[in-house]
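Rule-based calculations on the coordinates, nothing more; no lab input. Keep in mind that this is a model prediction, so the values were computed, not measured. Positions of Cβ are backbone-derived with ideal geometry, glycine not excepted, and every protein chain shown enters the neighbour counts.
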Amino acid sequence: MPDSESTTAAIRRPLYEHPWAVRFAHWVNAVTISVLTMSGLQIFNAFPSFGDKVPQVDLISAVPQAVTLGGWLGGALQWHFTFMWIFIGAALLYVLYQAASGHYRTVLFVPSDLPHVWPMVRHYFLFGPKPPATAQYNALQKLAYTSALALGAVSLLTGLVMFKPVQFSVLGLLFGGYHGARLVHFLAMCGLLSFIPGHLVMVALHGWDNFASMVTGCKHRPEYPALPRT
């Protein structure tokens, strides 16, 4: 049997964790989601309601201009629809690469991960013992990332309904029509925004090496043992 020192050395050797396509899509969409959110809020300011125009019942009076982009409705639409295509392109690259390479197994939440969610919640939020790391992402991280991917897909589908409501009218029926798609689009944005603080906290908790690996692809001091390449 290997001694504990050799086992630790095996666990600690550098690992190529994030392929180039994953890193590229991550940083491109970090920018595009910021632009889409700020321009989307400016668009929302033009009609801050999810019902009929007459009578109009506003959800909120107005979103502060400091967190919007575009200056007015027309400008915001230009920003939004331009970066929509960048978002779609990066998302397609990510999904196709993950599917072709089999790398999706590292991030996709599956039913067998369910029993391992609570131990991680207890560790992060209730100062419980830290479960041993056995893979690139723990169950809670996989749940968060899979949820973010699902929210991104919902944002894309509802965005297409609003971009071309006639051409995508059949798709719009799945969301309750144009107004329903607009509401779901807004809720998906809120879901993605709620993901970001937790994501940043996770990065901070796991240290600089975790952040640097999303830049270089390599994690120098992984907490989990190397797995055979697929």
*asked:* I want to check the label-to-label distance for F211 and I196. Put each point 7 Å from Cα in the C-beta direction and report it in nm to one decimal.
replied: 1.6 nm
_Amide hydrogen neighbours beyond the local backbone of G51, cut-off 5 Å, H modeled_ = V57
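Run the dipole for the range 16-219 about the Cα centre, Lys and Arg Cβ at +1, Asp and Glu Cβ at -1, nothing else charged, and hand back the magnitude in debye, nearest 20. Mind dumping the intermediate values first?
Details: 9 positive and 5 negative charges, 42 e Å.
Taking the Cα centre of the range 16-219 as origin, the dipole is about 200 debye.
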*asked:* Quick check on packing: order 193-205, 131-143, 94-106, 55-67 by the mean number of other C-beta atoms within 10 Å, highest mean leading.
replied: 131-143, 94-106, 193-205, 55-67
*For V203 paired with V67, estimate the spin-label separation in nm (one decimal), with each label point 7 Å from Cα along the Cα-to-Cβ line.*
1.9 nm
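As an exercise, use a Förster radius of 25 Å and the Cβ-Cβ distance of A46 and W85 to find the FRET efficiency, rounded to the nearest 0.05. Please list the in-between numbers first.
Values: r = 22 Å, r/R0 = 0.87.
After rounding to 0.05, the efficiency reads 0.70.
Grab the eigenvalues of the alpha-carbon gyration tensor for the chain, scale each by 5, take roots, and send me the semi-axes largest first in whole angstrom.
39, 18, 17
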*Would you work out which of Q56, G159, V215 lies farthest towards the positive end of the dipole of the range 16-219, given +1 charges on the beta-carbon of Lys and Arg and -1 on that of Asp and Glu, about the Cα centre?*
V215
*May I ask you to compute the full-extension gain from L59 to A133, defined as 0.36 nm times their residue separation minus their alpha-carbon distance, rounded to one decimal in nm?*
22.2 nm
*asked:* Explain nothing, just compute: Karplus ³J(HN,Hα) = 6.51 cos²θ - 1.76 cosθ + 1.60, θ = phi - 60°, for every residue of the range 162-176 in order, whole Hz, x for Gly and Pro.
replied: 6, 5, 9, x, 7, 4, 10, 5, 5, 4, x, 4, 5, 10, x
*Based on the Cα gyration tensor of the range 8-126, what are the three equivalent ellipsoid semi-axes, each the root of five times an eigenvalue, rounded to whole Å and given largest first?*
38, 21, 14
*In nanometres, what is the gap between the two model label sites at Y16 and A100, each 7 Å from Cα along Cα-to-Cβ?*
1.6 nm
*With θ set to phi - 60° and the Karplus curve 6.51 cos²θ - 1.76 cosθ + 1.60, what are the ³J(HN,Hα) couplings of the range 39-52 in order, to the nearest whole Hz, using x for Gly and Pro?*
6, x, 5, 5, 5, 4, 4, 5, 8, x, 8, 10, x, 6
*Tell me, what is the percent relative contact order of the range 16-219, built from C-alpha pairs under 8 Å that lie six or more residues apart?*
22 percent
_Chain lengthening between C218 and V31 when straightened (0.36 nm per residue, less Cα-Cα)_ = 65.1 nm
